[in-house]
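Shown next, in structure tokens, is the structure this report addresses.
The values are calculated or read from the model by the stated rules, or taken from the named source; none is laboratory data. Keep in mind that this is a model prediction, so the values were computed, not measured. Please note: Cβ atoms are built from the backbone with ideal geometry, for glycine as well, and neighbour counts cover all protein chains shown.
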Amino acid sequence: MASDQLEGRLAAVLAREIEGFEELVSCRRLSGGASQETYRLEIAGESGARLLAMRRAPGGEIVESVGQRPGLEIEAELMRVAGAAGVPEPEVMYVFESADGLGSGFVMEWLEGESLGPRIVRSPELAEVRPRLARQYGEAAARIHAIDLDANELRQSLPEMSPAEFVEQTWERYRSLDVPQPMIDYAGVWLEDHLPRDYEPALVHNDFRNGNVMVDQDGIVAVLDWEIAHVGDPMRDLGWICTNSWRFGSSLPVGGVGEYEDLFAGYEAVSGRPVDPDRVKFWEVFGSFWWACGCLGMAHHYRTGPDRSVERAAIGRRTSECQVDCVNLLIPGPVDLIEPDQEMPNLDMPRLDELVESVRDFLREDVMPATQGRTSFLARVAGNSLDIACRELALGERARANERQRLCQLLGEDGDLEALRWRLVRGLRDRTIPLHLPGLPEHLRATVVNQIAIDQPRYSGFKRAIGPGS
């Protein structure tokens, strides 16, 4: 839809639905929002200028609720219900109908605040409120989970998913990729062995984390992005906000801003129910397991198309970040790091590593300063990918040789690395190889930690894995 057509149809809707509306001054699409479009609207009216927000399906399509995604109409209703329950939410002003010609979506109140996770964790402007956020997160989650499913007819509009179904769905998505990643299967077996059995189904936001919670200097402004909400174990939300991927380099476990005890205290004060830390740990492990599988899915999309962007290719290597988080939660311990080769054989001029470095430096020193927006961003991503290639050249061959040697000893058989990995993966899946097999935790720890030394040695989980002073 052309921008002038979009603005014309939108102005007609606003004139009909917003009291005192006179003019749509601007309609600007914001960056971000991988699955939905978000716009900042400025309108003029009898009381002066006013800002609104619009959220709609990509391309203005009509999108019905499908599978685990309830759809934008239901998302808007969840925001209304949550707001009535005391959860900070923007006011939803109008939900589009098919006759509006704008696709699925809604218009809501514009709120000022910070929703970028790294800024919430590090911004000096939020330093005073940060120590109070973990407790506020717990309070907000408790209010979400207390919402009456039947009174608000949410069981009819939302999918219900048990922990067992959630684990199996995620694990099957990874298995369909046909790539052996033993730590993912180890985590999958552990999760199956520790499934919550006695939970009371509740409304689960399902993406409750820094990045979807807007804050300002006073605390939470709004809980946003309800697009994958479901009915299930409420502790999923507490575990997800504690997952290391959402700490943005901070050592503090609750979204990089606070301690478990603060989160639990806020939750218990509102809900009147004690929090079981083991249940939260289950969902924290699941969070890293889920995202490890998701990163591999991104790489699969790159291989099969249609999106063959440098960004989608690079994100596949982030699976090792999530796998090392599983290592730290399930099998922490000492690990020996491989030392890089000091220098590649000087048989060619330039050497392979020098060629890779030259392209990386060109992207960073020439392309990035000369471009802006997404092009500059993708140049940075490409430079980071070439950093991985450089570390792969220095460490990869020795890491794979050591992994193969350990597997031969662990399994008592010979073979190439791929065949041995598959032997371990299949043994974990059919449980002929138990999680407590002597040497298995040490092997997985060494494999994953040395892999992330290649993929992202600045990741906080890597530093935690190799111990104090890293």
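Worth a mention:
- Residues in the stretch 419-434 that are surrounded by fewer than 17 Cβ atoms within 10 Å (Cβ to Cβ) and not acidic (Asp, Glu): ALA419, TRP422, ARG426, ARG429, ARG431, THR432, PRO434.
- Across the stretch 64-89, the qualifying residues are those that are within 23 Å of the chain's Cα centre (by Cα) and more than 22 Å from ALA151 (Cβ to Cβ), and the one among them that is surrounded by the most Cβ atoms within 10 Å (Cβ to Cβ) is LEU72.
- Of all the numbered requirements in (1) in contact (Cβ under 8 Å) with a residue 60 or more places away in the chain; (2) under 26 Å from GLY117 (Cα atoms); (3) under 20 Å from the mean Cα position of the chain (by Cα), ASP216 misses one, and that requirement is (3).
- Filter result (closer than 23 Å to ARG279 by Cβ, touching a Ser or Thr at 6+ places or on another chain (Cβ under 9 Å) and part of a strand (DSSP E or B)) within the stretch 205-241: ASN210, VAL213, GLY232
- Positions within the stretch 176-204 being without any contact (Cβ under 8 Å) to a residue 40 or more places away in the chain and either among the basic types (Lys, Arg) or in a loop (DSSP other than H, G, I, E, B) (or both), in sequence order: SER176, ASP178, ARG197, ASP198, GLU200
- Counting residues in the stretch 337-348 that are in a helix (DSSP H, G or I), not assigned by TED's automatic domain parsing to the domain that holds ARG175 and not small (Gly, Ala, Ser) gives zero.
- Within the stretch 133-162, the residues that satisfy the criterion of being of a type outside the set (Asp, Glu), closer than 30 Å to VAL121 by Cα and assigned to a helix (DSSP H, G or I) are LEU133, ALA134, ARG135, GLN136, TYR137, GLY138, ALA140, ALA141, ALA142, ARG143, ILE144, HIS145.
- Residue in the stretch 441-460 that is crowded, with 16+ Cβ neighbours inside 10 Å, of a type in the set (A, V, I, L, M) and without any contact (Cβ under 8 Å) to a residue 40 or more places away in the chain present: no
- If you go through the stretch 407-423 and pick out every residue that is among the small types (Gly, Ala, Ser) and not in a loop (DSSP other than H, G, I, E, B), you end up with 1.
- Looking only at the stretch 141-156, and only at residues there that are under 15 Å from HIS205 (Cβ atoms) and not hydrophobic (A, V, I, L, M, F, W, C), the one that is surrounded by the most Cβ atoms within 10 Å (Cβ to Cβ): HIS145
- Tally of residues being in a loop (DSSP other than H, G, I, E, B), among the aliphatic types (A, V, I, L, M) and buried (at least 17 other Cβ atoms within 10 Å of the Cβ) across the stretch 90-124: 2
- Selection over the stretch 208-232 of residues that are out of contact with any Phe, Trp or Tyr (no Cβ under 9 Å at 6 or more places or on another chain), crowded, with 20+ Cβ neighbours inside 10 Å and β-branched (Val, Ile, Thr) gives a count of 1.
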